[in-house]
1. Could you count how many residues in the stretch 100-123 are surrounded by fewer than 15 Cβ atoms within 10 Å (Cβ to Cβ), part of a loop (DSSP other than H, G, I, E, B) and in contact (Cβ under 8 Å) with a residue 24 or more places away in the chain?
2. If I filter the stretch 3-53 down to residues being within 18 Å of residue 155 (Cβ to Cβ), assigned to a loop (DSSP other than H, G, I, E, B) and out of contact with any helix residue (DSSP H, G or I) (no Cβ under 6 Å at 6 or more places or on another chain), which single residue comes out as modelled with the lowest pLDDT?
3. Considering only residues that are within 19 Å of residue 143 (Cβ to Cβ) and in a loop (DSSP other than H, G, I, E, B), which ones fall in the stretch 83-99?
4. Pull up the stretch 124-155, narrow it to residues that are assigned to a helix (DSSP H, G or I) and either in contact (Cβ under 8 Å) with a residue 40 or more places away in the chain or out of contact with any strand residue (DSSP E or B) (no Cβ under 9 Å at 6 or more places or on another chain) (or both), then point me to the one that is nearest to residue 186 (Cα to Cα).
5. Could you run through the stretch 168-186 and say how many residues are under 13 Å from the mean Cα position of the chain (by Cα) and surrounded by fewer than 19 Cβ atoms within 10 Å (Cβ to Cβ)?
6. Report yes if residue 35 is crowded, with 21+ Cβ neighbours inside 10 Å, under 21 Å from the mean Cα position of the chain (by Cα) and under 28 Å from residue 173 (Cα atoms), otherwise no.
7. In the stretch 59-82, which residues are farther than 19 Å from residue 143 by Cβ and in contact with a strand residue (DSSP E or B) (Cβ under 7 Å, 6 or more places away or on another chain)?
8. Consider residue 63 carefully, then state whether it is out of contact with any helix residue (DSSP H, G or I) (no Cβ under 7 Å at 6 or more places or on another chain) and not in a loop (DSSP other than H, G, I, E, B).
């Protein structure tokens with residue numbers, strides 16, 4: 001980071017993110033989840049994950065549409081839905097002993113004629129729940145049945161403990177083309193003040209004509225932190241515990 005600033009990387013970066021950073025994010029998705037994304041048209045760098053959430057909901061929702069989200073949820077979700085003129089419909093998680101689990105019946109009952117988006121957060125804030133493979137398969141089946149787009153918030157993807165394993169719904173059959181996947185450097189590398197997030201999906205940065213087409217990133221932010229993005233681009237692969245380039249680790253996580 002310091003080297004990037006001293007080297008003069010202090011001006012507006014490219015609007016969709018530096019090429020090196022977008023390539024590193026695409027490499028990470030390929031290595032960890034077996035998902036292929038084109039860095040040029042399917043990876044968009046944003047001012048943190050919250051901007052990616054807001055931009056995605058603005059792109060996908062019209063006034064009066066409905067967004068499903070598992071309750072309790074991060075407070076930016078209802079705010080983002082209102083910002084887009086949509087309404088957030090909470091789907092309560094069920095308690096099972098000392099765990100939270102998917103209530104598939106409640107989820108199905110929440111789908112209506114104006115439902116457009118299912119907002120998924122796994123690992124989940126604030127409960128810490130990690131959705132299981134079977135739960136993700138049930139969610140994916142319902143989304144395919146009702147032609148819903150999934151916006152999946154995976155900022156805690158590397159903060160999983162014990163025997164739990166994070167899985168991304170985008171890797172399930174028929175889901176890559178109907179999912180926008182959001183993550184960020186902030187939680188993984190303990191650099192929340194840098195506000196470096198990203199979204200992966202068809203048309204996320206204007207190419208491919210997919211569900212992320214016209215994500216209104218440029219109307220929410222003229223740019224994003226330049227120095228914070230210049231540093232990750234060049235050193236994004238040095239390892240998750242590197243102090244000198246901690247954001248450089250994303251492609252090898």
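1. Residues in the stretch 100-123 being surrounded by fewer than 15 Cβ atoms within 10 Å (Cβ to Cβ), part of a loop (DSSP other than H, G, I, E, B) and in contact (Cβ under 8 Å) with a residue 24 or more places away in the chain: 2 in total.
2. Ranking the candidates gives 17 first.
3. Within the stretch 83-99, 84, 86, 93 qualify.
4. Within the stretch 124-155, the first condition is being assigned to a helix (DSSP H, G or I), and the residues that meet it are 133-146.
Filter again for either in contact (Cβ under 8 Å) with a residue 40 or more places away in the chain or out of contact with any strand residue (DSSP E or B) (no Cβ under 9 Å at 6 or more places or on another chain) (or both), leaving 133-134, 137-138, 141, 144-145.
Details: 133: 26, 134: 29, 137: 28, 138: 30, 141: 31, 144: 31, 145: 34 Å.
Going through the qualifying residues, I end up with 133.
5. 0
6. It is false that residue 35 is crowded, with 21+ Cβ neighbours inside 10 Å, under 21 Å from the mean Cα position of the chain (by Cα) and under 28 Å from residue 173 (Cα atoms).
7. 74, 78, listed by residue number.
8. no
The values are calculated or read from the model by the stated rules, or taken from the named source; none is laboratory data. Here the structure is a predicted model, which means the values were calculated and not measured. Cβ: placed from backbone, ideal geometry, glycine included. Neighbour counts: every protein chain shown.
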